[in-house]
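Take a look at the structure set out below.
The values are calculated or read from the model by the stated rules, or taken from the named source; none is laboratory data. What you see is a predicted model; the values in this text were computed from it and never measured. Here the Cβ positions follow ideal geometry from the backbone for every residue, glycine too, while neighbour counts run over all protein chains shown. Surface areas here come from the heavy atoms of the whole protein model, side chains and all, with no ligands, DNA or RNA. Shrake-Rupley method; radii C 1.70, N 1.55, O 1.52, S 1.80 Å.
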Amino acid sequence: MSSLDRRQEFELGCDGNVIVPGSSFRNVFIVDSRAGWSSVVPNFEPALDLILTYDFGLLRDVLALGGVAYYVDHLCSQSVMQENNFLMYRFFHDWHLDEEGKDIFRYNGVDFGFSFRILIWNDFTFYVRSRMCLEQLRGFSYQKLFVCSNNDVIESVLQDMALTWSRLATGGRSSLDGYFFPIHRWMNERVHVRRIRHRVRDAVITVQGILMSAWDSVAGCFRQRDRVFVQEYHPTRKLMQCLSKMPGVQVLQGHFSASKGAMKFLRERPIPVYGNVGRYRGAASSLICSYRKKRTARLVLTNGVDVTDAVNRAIETRISSSLPETLRALDCVIRYLDRHPIRLEVLIANLGQVAMLVDCVAKARGVPSYLIINGLLCSAFLDEGKYADVINSYSESVRDHYFRGMKNVICLGDPRMDDYAMVPRRSINRENPVITIGASGFSNTDLNSYLAVEFEFLNDVLEAICRLRSRGTGVRVVLKVRANGYKELYRRFCDEYFEGLVDSILDQVPMRAVLDETDFYVSIYSQTLFEASCLGIPCVYHKNDRQILDAPFDGRSELVTTHSADELEAAISDFMRGDDRYDAFLDRGTMERYIGPLDGENLKRNLKFIEGLLNGDRKEPSA
């Protein structure tokens, strides 16, 4: 049987597992990226062996040799992974609770196990995704398994599965050797590893926080103010600025805002975290012992595999090292809020480090919480925006899908969309358009996502544009990299596979500035599609991800959706000749059903509601 025939045979299993059960190979190689390929080549025979990798580039190289290759983190069917998403998040909700449903992690009267979410999320989901995929090794026969990986989770899973395997030299440890998202590097940069700039930032916050706290204590003797803690991000940025200017209101934060100017060091009130971490090691050790004894949550996957011990091990490894610092931060938050009590907290998600500790203290003190969601929430199994006394879902669509059945959800719109309310629609150039690509990205929260998805997406989009250009179509191509993307990876990818096709790669330019120069926009499931549509820019959601999402990203709504380079090529051609298939998603009424009101009053509505909360009123304001 030829390699092509074998490839087609395996693809017949796409509705079940990627690799058809009962298939047979000589050797199976798990290889991170091209960096380890030199170790594989001496033992590799394309007609007999199987390559499992994270790397778009290596996968394409192997297929070009006539071999069989798949993504090692994308070996299960969409439906199976979706079932396990729900099981996984049920455990994620319960992991820190005892048999009575009480939080095992309690300190000075505050339950705080919930605050660990951002620290453990990727460790937890990455193990489950890896275990689900590698369990597929039991479904076909092979003689030898070789591992050429720097990923400790791969080896951990294989050991838990009691499989026999041999290690190959990896050829280096660069996290940017292949075309896939380096999630562990990114988590270290953003969450786990404290660099010099973080220490300097924390030192400034500590000095400023102590001085301003003393000043506020003195000033409090002469005037009383309602303090509001605000978790700053896009939905709350202007809200926070307005609240800070409101008479009788003082805003507290987890860190300094993104606003410019030296005056923020006098105006703003980030909560300082300081002190000797060593003082908390005893309490941390006691809590870890309690966690080992009292935890009861179990996670049994749909294939019958009980991964409870494995995921608890991953969680315990992560929180054990950070627990003393978490206790120090919690102690500082408790003392600060005892000295400067808050009347309300405004959140954008049930994530964050200091913000979630403030949330835990607020709950213990009976302080009400108001959450304005951060972008469209479209996955039914997720709960990163479901825990607050009152939640602004922007629109009826998000309320009726993501928050289905919840009674504490209101629709007050997204304050940032006020910028798009009254703007004139862009004059679209259909003859020589600027096509902007909003880059895709890996989602560590969804088992149906995989590390190379952003490069599979980009390959499809650029292939479609390349075909159009080869026919003489005049287009200018702009690639907008996501905030968590690595620009150097994209530049290298474009140079290797589509040299000269992309005119500009942007990462630090604001999205609005990019859209102001755009005639046609292609992206993944993203709120930027709505921002573009509000400016009159025709949009396409190119869906080569495998995630199961709510409308309008379900493939059955007004948003033009493509699934292949062929479909996208046709969609761009339709745009250039003025086809009306784009009109429905450009309609303002359609926009408002998904994103909420576009009347320019969203900020005002949210401010009015917050004023009501401070006065003890939780009723949704009338339009």
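Each row is one residue, and each column tells you yes or no for (1) open to solvent by 30 Å² or more (accessible area, probe 1.4 Å); (2) modelled with pLDDT of 95 or more; (3) of a type outside the set (Ser, Thr, Tyr).
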position	(1), (2), (3)
Ser257	no, no, no
Arg267	yes, no, yes
Pro272	no, no, yes
Gly278	yes, yes, yes
Val307	no, yes, yes
Thr326	no, yes, no
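Among residues belonging to the stretch 247-259 that are without any contact (Cβ under 8 Å) to a residue 60 or more places away in the chain and of a type in the set (A, V, I, L, M), point out the one that is farthest from Val354 (Cα to Cα).
Per the stated criteria, the residue is Ala258.
What are the pairs, 6+ residues apart or on separate chains, where a residue within the stretch 581-598 that is within 18 Å of Gly555 (Cα to Cα) has its Cβ under 7 Å from a residue that is open to solvent by 70 Å² or more (accessible area, probe 1.4 Å)?
Hits for this filter: Arg593/Glu396.
Every residue in the stretch 564-592 that is surrounded by fewer than 16 Cβ atoms within 10 Å (Cβ to Cβ) and either of a type in the set (Phe, Trp, Tyr) or assigned to a helix (DSSP H, G or I) (or both), please.
Asp566, Ala570, Ser573, Asp580, Arg581, Asp583, Ala584, Arg588, Gly589
Could you tell me how many of the residues in the stretch 337-357 are open to solvent by 10 Å² or more (accessible area, probe 1.4 Å) and more than 22 Å from the chain's Cα centre (by Cα)?
6
Quick one: count up the residues across the stretch 52-71 that are open to solvent by less than 10 Å² (accessible area, probe 1.4 Å) and either assigned by the TED database to the domain that holds Tyr450 or under 15 Å from Asn27 (Cα atoms) (or both).
Looking only at that region, the number is 6.
Mind checking which helices (runs of 4 or more DSSP H) fall wholly inside the stretch 27-97 and carry at least 3 residues that are in contact with a helix residue (DSSP H, G or I) (Cβ under 7 Å, 6 or more places away or on another chain)?
Qualifying helices (runs of 4 or more DSSP H): 56-64, 78-94.
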